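A quick write-up on the structure given underneath.
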Amino acid sequence: MSTDLPRLGRQNLDAAPTAPRPAGILHLGLGSFHRAHQSVYTAAAIGAAGGDWGIIGVASRSRTVVDALRAQDFLYHVATISPGETSLTVPAVHTDAFVAADEPARVVAEVASAAIKIVTLTVTENGYSYSPATQHLDLDDATIRADLRGGAPRSTIGQLARGLQARATAGGEPLAVLSCDNLAANGAHTEKLVREFLHALPGTEADPVLAYLDAAVTFPSSMVDRIVPATTDDLRAHVARLSGLRDDIPVPAEPFTMWAIEDRFAGGRPAWERAGAVFTDEVGRYEQLKVRLLNGTHSLIAYLGALRGAATIPASIAMPEIEEAARAVLRGEYEPSVEVPNGVDVRAYESELFQRWANSALGHRTSQVGTDGSVKLRQRIPEPALRALAAGQMPHLLALTVAGYLSCLAPLPGFDPGPHAAAMADPARDSLARLAATARDGRELAARVLTELHLLGTELAHHDVFAERVGELIDTIRRQGTDAAIADAVAASLEAATDTTTQGARS
Ligand code: CS2
């Protein structure tokens, strides 16, 4: 990339709007997703209807985005990428940015500031300090324990709780805390974790803030959707060619975008509906639809693809076996578990998903989707699996997803899942490796992961048949290859579907 180009900044944009100050939104988690989703909606909402809705962006640890934003007048490009075309926009909506790890006390002060009316979050499934086993706040987590003892908080939940305490003391202005992460009932989940933190404080310390929460703080749920891969040097070079400017932090994104939000904003909100967001009482249904059909199937595509040597999601879904497995899990195992929101055509939604996954220009990596599986799968797999098991059916493709995950993250001795699996990060990697090192075979590994680590919660752990099926498929993957396991799972699920149809026809 040429470094002689002028750097993106206000002076080289013709009519860059100015982000409204003081900012009304504090955002925790300044990653790519926020910058290609909520920022874009907010910039468009301000453009259409005004309002003091500038955003102060808080990165958790890394300085990269914050330093670049500061050097670029808080501007960056969103590159909307479809196979035939890349188009650039510059959402001008941030008024400031800082790093929480460097200025932890400032996070608390900003949450408490009366100018802030909404705190939004994209900290990933892994950023909520909850135990996948229990879904409760992980009180054994070292950061949570330190945050409970006092001092400037380091965990997101600690930052919210301490910020809300300070806000209650400072006058108790109304506030909405809006989670934009792929968690079921993300608003209620966030509220529960914040309250659990406060209840763990000594004595009556939490009483005033709990009363304030009851009176003036809302935690709306929202379903967010846009595929946003990680930024690469190729993208930086492409954006430089198209814009004639140097931008260190452009964000790639697909054309599709969706946001469904519960309209409970105690301190007011931007006119996000003017930017295409849907305000609805059915957010729970939208979340289920998205977290299971899109994200759940995405996990299957990522793990099986990685095992087959695919670097990207489009390369993986282009393999006919993987496409077949994806269709089978989507239709046969995820779809029956969701209540489709009114007005959504599930067939059209599904066929659009396949087009979105096939967007090869986007280069979305299997290792990115496969990262943090221990927290992501907890959101995607247990409910649909339990539903099938309760109906007497084995969810073969959900079992295959878990088998793919464990083959990538906890390979048994002698099995090499390849470089894309090796590139997947996961908070449970060490515990998984310990189990894999001593397990005799796939069955033992799956049983121990489900019943000792409770990676998919406690309820599914009671279903030995599920763990056995996962184990069987792990052994098929390592002995006969991924395609053999896919063929086995797909055939078994078709057979089960035929049996059910025949029984249905008989009864
Ligand atoms: C993906 C999501 O990484 C993952 O687990 O399934 O990030 C997905 O791309 C987004 O949720 C799309 O909205």
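Observations
- Residue identified as more than 30 Å from Glu352 (Cα to Cα) and modelled with pLDDT of 95 or more among Val123, Val58: Val58
- With a requirement of 1 or more residues that are within 16 Å of the ligand (Cβ to nearest atom), small (Gly, Ala, Ser) and under 20 Å from Arg226 (Cβ atoms), the helices (runs of 4 or more DSSP H) lying completely within region 300-382 that satisfy it span 313-317, 320-328, 366-370.
- Among the candidates Ser32, Ser39, Ser62, residue that is closer than 19 Å to Ala230 by Cβ, in contact with a His (Cβ under 9 Å, 6 or more places away or on another chain) and among the polar types (S, T, N, Q): Ser39
- All positions within region 53-83 that are charged (D, E, K, R) and free of Cβ contacts under 8 Å to residues at least 60 places away in the same chain: Arg61, Arg63, Asp67, Arg70
- Qualifying residue in region 390-402 (condition: polar (S, T, N, Q) and part of a loop (DSSP other than H, G, I, E, B)): yes
- Scanning region 165-179 turns up at least one residue that is among the acidic types (Asp, Glu) and modelled with pLDDT of 95 or more.
- Residues considered: Leu175, Leu235. Of these, the only one that is closer than 14 Å to Val119 by Cα, in contact (Cβ under 8 Å) with a residue 60 or more places away in the chain and not hydroxyl-bearing (Ser, Thr, Tyr) is Leu175.
- Just one of the listed residues (Ser155, Ser222) is without any contact (Cβ under 8 Å) to a residue 40 or more places away in the chain and under 30 Å from Gln368 (Cβ atoms), and it is Ser155.
- Residues satisfying the stated conditions in region 114-123, i.e. part of a loop (DSSP other than H, G, I, E, B), out of contact with any Ser or Thr (no Cβ under 9 Å at 6 or more places or on another chain) and either in contact (Cβ under 8 Å) with a residue 60 or more places away in the chain or among the acidic types (Asp, Glu) (or both): Ala115, Ile116, Lys117
- Of all the residues in region 347-360, those that are aliphatic (A, V, I, L, M) and loosely packed, with under 15 Cβ neighbours inside 10 Å number 1.
- Residues of region 226-265 classified as part of a loop (DSSP other than H, G, I, E, B), within 23 Å of Asn12 (Cα to Cα), touching a strand residue (DSSP E or B) at 6+ places or on another chain (Cβ under 7 Å) and not aliphatic (A, V, I, L, M), total: 2
- Within region 159-199, being of a type in the set (A, V, I, L, M) and assigned to a helix (DSSP H, G or I) holds for Leu160, Ala161, Leu164, Ala166, Ala168, Ala188, Leu193, Val194, Leu198.
- Some residue of region 197-220 being surrounded by 21 or more Cβ atoms within 10 Å (Cβ to Cβ), under 26 Å from Ser155 (Cα atoms) and within 16 Å of the ligand (Cβ to nearest atom): no
- Filtered residue count, region 266-299, keeping only those that are within 16 Å of the ligand (Cβ to nearest atom) and not in a loop (DSSP other than H, G, I, E, B): 16
- Remark: pairs (first residue in region 84-109, under 27 Å from Val194 (Cα atoms) and not assigned by TED's automatic domain parsing to the domain that holds Arg167; second residue among the acidic types (Asp, Glu) and in a strand (DSSP E or B); Cβ separation under 9 Å; 6+ apart in sequence or on different chains) are absent.
- Annotation: Arg448 fulfils all but one of (1) surrounded by fewer than 22 Cβ atoms within 10 Å (Cβ to Cβ); (2) in a loop (DSSP other than H, G, I, E, B); the unmet one is (2).
- Residues that are surrounded by fewer than 20 Cβ atoms within 10 Å (Cβ to Cβ), part of a helix (DSSP H, G or I), in contact (Cβ under 8 Å) with a residue 24 or more places away in the chain and acidic (Asp, Glu) do occur in region 461-470.
The values are calculated or read from the model by the stated rules, or taken from the named source; none is laboratory data. Being a predicted model, the structure only gives us computed values, none of them experimental. Virtual Cβ from ideal backbone geometry, glycine too; neighbours counted across all protein chains shown.
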